[in-house]
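Asker: Okay, handing you the structure first.
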Amino acid sequence: MWLTAVSLRRPLLVIMAVLALMVFGAISYTQLPVALLPNTTFPYVTVTIEYPGAGPREVESQVSKPVEDALAGINGLKHISSTSSDNLSLVFLEFKDGVNPDSAERDVQLKLNPILSTLPSGAKTPDIAKFDPASAPDWDLGVQGNRPLDQIFQIAKDTIVP
């Protein structure tokens, strides 16, 4: 109600306020940074443990489950899941946004070290890796033709790559 009363009593004040907002909006719009692919980090860490000669159930009970239990208390952990198959355990850790992937990887290593002695003797040393989807290629290109493979490779290297 007060805005209507001010608009009727002082129309020039309202017009100047609206024009000022439009000018500030136009200036702000031109200064706004726009990125097609902004720099983002995805805090994902994977733990891969090989256990040669073991079936999926053995891998799950003797490797995946103890590793999950040990890593469940890490700060900033959003989700943990694992996949157990013949000879292999994969544990996926997703951290909350804002968690530094490097520090997450160090935290995983620190939590894994105490339980390494409890893993089966046949299990190999865990491989801990950060996963960064931004480092994946944007697209892949396949080339084929009716020429020998070495000629196709040379054509792709000399013509398509540059």
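Asker: Limited to region 3-14, what total is found for residues that are at pLDDT 90 or above and surrounded by fewer than 10 Cβ atoms within 10 Å (Cβ to Cβ)?
Answerer: Final tally of qualifying residues: 2.
Asker: Also, quick follow-up: Pairs only if they're at least six apart or on different chains, beta carbon under 8 angstrom, first in region 82-111 and in contact (Cβ under 8 Å) with a residue 24 or more places away in the chain, second in a helix (DSSP H, G or I) and exposed (fewer than 13 other Cβ atoms within 10 Å of the Cβ); list them, first residue then second.
Answerer: Ser84/Arg57
Asker: Another question about this same structure. Go through region 15-48 residue by residue and tally those that are open to solvent by less than 90 Å² (accessible area, probe 1.4 Å), touching a residue at least 60 places away in the same chain (Cβ under 8 Å) and out of contact with any strand residue (DSSP E or B) (no Cβ under 6 Å at 6 or more places or on another chain).
Answerer: 2
Asker: Okay, next question. Grab the helices (runs of 4 or more DSSP H) fully contained in region 49-148, keeping just those with 1 or more residues being surrounded by 14 or more Cβ atoms within 10 Å (Cβ to Cβ) and out of contact with any strand residue (DSSP E or B) (no Cβ under 9 Å at 6 or more places or on another chain).
Answerer: 65-71, 101-112
The values are calculated or read from the model by the stated rules, or taken from the named source; none is laboratory data. If you're wondering where the values come from, they're calculated on a predicted model, not measured in any experiment. Backbone-built Cβ (ideal geometry, glycine too); neighbour counts: all protein chains shown. Please note that ligands, DNA and RNA were not included when accessible areas were found on the heavy atoms of the full protein model with its side chains. Shrake-Rupley method; radii C 1.70, N 1.55, O 1.52, S 1.80 Å.
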